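One structure is given below, encoded as structure tokens.
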Amino acid sequence: MNEGRLNDTTGEFFISKNDNCTKDEIWNKMYQIFMDFIPLFISFDLAFKVFVTGKSIDFIKQECESAITNGIQPIDIMSTLDPLTDRRLTHWVNSAYFSSTKKLLKVL
């Protein structure tokens with residue numbers, strides 16, 4: 001999410017990428033979210049923020065040729081499987097979401 005890349009070789013992630021989009025279709029058609037694949041420990045709201053954050057970063061990278069991951073902290077994904085870390089996951093996703101959408105609005 002924080003790099004704007006999707007490497008899902010098995011097709012199990014709740015977001016998919018369509019590499020056959022034209023440059024004009026990047027925002028509307030390149031990525032799709034699959035509700036049935038969202039893990040039970042992630043709310044739809046949080047999943048949607050992951051979707052928009054990754055999509056925003058990828059869009060900015062492609063359209064503006066700038067990496068915008070500065071200030072977005074990586075997270076140990078295995079630690080998110082522990083129910084005690086739900087607040088940490090939510091906080092990290094929210095921080096990345098607000099940071100990337102703020103940068104996207106500046107670019108637009």
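Every number in this text was worked out from the coordinates using simple rules, so none of it is lab data. The structure displayed is predicted, hence computed values, not measured ones. Methodologically, a virtual Cβ is constructed for each residue, glycine included, from the backbone with ideal geometry; neighbour enumeration extends over all protein chains shown.
Residue count for the stretch 4-38, restricted to those that are small (Gly, Ala, Ser), in contact with a strand residue (DSSP E or B) (Cβ under 6 Å, 6 or more places away or on another chain) and in contact (Cβ under 8 Å) with a residue 40 or more places away in the chain: 0. The set of residues in the stretch 39-57 that are within 13 Å of ALA96 (Cβ to Cβ) and in contact (Cβ under 8 Å) with a residue 40 or more places away in the chain comprises LEU46, LYS49, VAL50, VAL52, THR53, GLY54, LYS55, SER56, ILE57. Scanning the stretch 11-65 for residues that are out of contact with any Gly (no Cβ under 7 Å at 6 or more places or on another chain), among the small types (Gly, Ala, Ser) and assigned to a helix (DSSP H, G or I) gives ALA47, SER56. Considered as a group, the residues in the stretch 19-68 that are touching a Ser or Thr at 6+ places or on another chain (Cβ under 9 Å), aromatic (Phe, Trp, Tyr) and within 21 Å of ASN94 (Cβ to Cβ) include one that is surrounded by the most Cβ atoms within 10 Å (Cβ to Cβ), and that residue is TYR31.
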